[in-house]
Amino acid sequence: MNDIKSTLSHNKASNRVYLMHLHAEDFPHIITHLDALADEHEYSKIFAKIPFTYTPAFISEGYTIEATIPNFFKGKEDAAFVVKYKNKERRTPNKEALTAFQQLVFGSKSSKPPELASSYSIRTLKQADIDAMTTVFKAVFKSYPFPIFEAKFIEECMENKTAIYFGAFYNNQLIAVSAAECNSEELYAEMTDFAVLPSHRGNRLAIHLLHFMETHLEQQHFKTFFSICRLNELSMNKTFLNCGYKFSGTLVKNTQIAGTIESMNVWYKLP
């Protein structure tokens with residue numbers, strides 16, 4: 001089926017099909033299309049981010065809801081993260097990781113972080129920064145679900161305004177990067193691609209980047225912020241918790257990153 005208008009992503013690395021944006025004209029035949037695509041490539045999971053009103057049709061075809069976000073689309077309609085597993089092994093969570101995360105959620109929140117040290121500065125990034133960005137990404141991630149190591153990919157995202165990139169600098173050298181993947185029509189932004197060079201960790205730069213991102217996006221009238229955060233990265237989960245984000249579900253064995261397929265936590269914040 002070549003006339004699909006929805007936005008899809010699929011690859012062997014994450015071993016899944018990801019319905020990133022559902023176009024209304026593709027419903028309901030998109031469900032059959034996703035199954036056919038998964039069967040053709042022998043993927044073990046289908047993952048879809050959809051308006052909640054579409055969930056009955058997906059559930060009737062074997063999907064379950066792993067996370068939800070209220071007022072996701074244009075600040076009005078809720079979103080559901082629905083999944084379908086093609087084998088039992090893929091749906092089995094890592095109990096130890098979930099236990100550790102459960103303790104984090106029940107733990108106390110940290111106080112407001114100290115002011116950003118004068119040797120650091122934060123700003124939005126431009127095309128002139130792309131080479132430095134890919135250098136940071138390559139130093140931090142062994143592998144990644146999207147081609148952030150490629151300058152052309154980042155350049156296209158900037159030109160198409162599908163992502164806004166942010167950077168922290170130390171003595172004018174880029175040492176940390178983050179991104180907001182923006183849907184300007186639906187008014188939501190995914191806070192993602194956080195990468196801090198090992199030599200500068202411990203300075204809570206992710207929190208400072210996140211606050212800067214939120215301020216920038218609020219000025220552009222975005223209604224919802226969310227993140228799909230690695231379950232195993234407790235420090236990054238703690239960052240979202242401390243910044244007022246709410247946990248709304250775990251996507252089991254969902255995303256290939258750093259060489260393995262990992263479970264991911266969904267966090268959201270309504271400004």
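The values are calculated or read from the model by the stated rules, or taken from the named source; none is laboratory data. In this text the structure is predicted, and so the values were computed from the model without any measurement. Every residue, glycine among them, receives a Cβ derived from its backbone with ideal geometry; neighbour counts consider all protein chains shown. SASA here: full protein model, heavy atoms, side chains in, ligands and nucleic acids out. Shrake-Rupley method; radii C 1.70, N 1.55, O 1.52, S 1.80 Å.
If a spin label sat at a point 7 angstrom from the Cα of D3 along the line to its beta carbon, the backbone N atoms of segment 21-44 nearer than 11 Å would be those of 26. Cross-linked pairs K45/K253; K86/K142; K142/K253: Cα-Cα separations exceed 20 Å for K86/K142. Straight-line cross-link reach from K138 at under 16 Å between alpha-carbon atoms covers these lysines, not counting any fewer than eight positions away in the same chain: K152. Sorting 155-162, 131-138 by their mean Cβ neighbour count within 10 Å, with the most densely packed peptide first, gives 131-138, 155-162. Helix 130-140 axis versus longest C-alpha principal axis of the chain: approximately 80°, rounded to the nearest ten. Distance between the modelled labels on D131 and R201, one decimal in nanometres: 2.8 nm (7 Å Cα→Cβ projection). Ligands, DNA and RNA aside, D129 has an accessible area near 20 Å² when probed at 1.4 Å.
Protection proxy ranking for 221-228, 90-97, using the average of other Cβ atoms within 10 Å per residue and placing the highest first: 221-228, 90-97. Between 0 and 90 degrees, the angle of helix 95-106 with respect to the longest Cα principal axis of the chain falls at about 60 degrees.
With each label modelled as a point 7 angstrom along the Cα→C-beta vector, the N172-E156 pair spans 3.4 nm.
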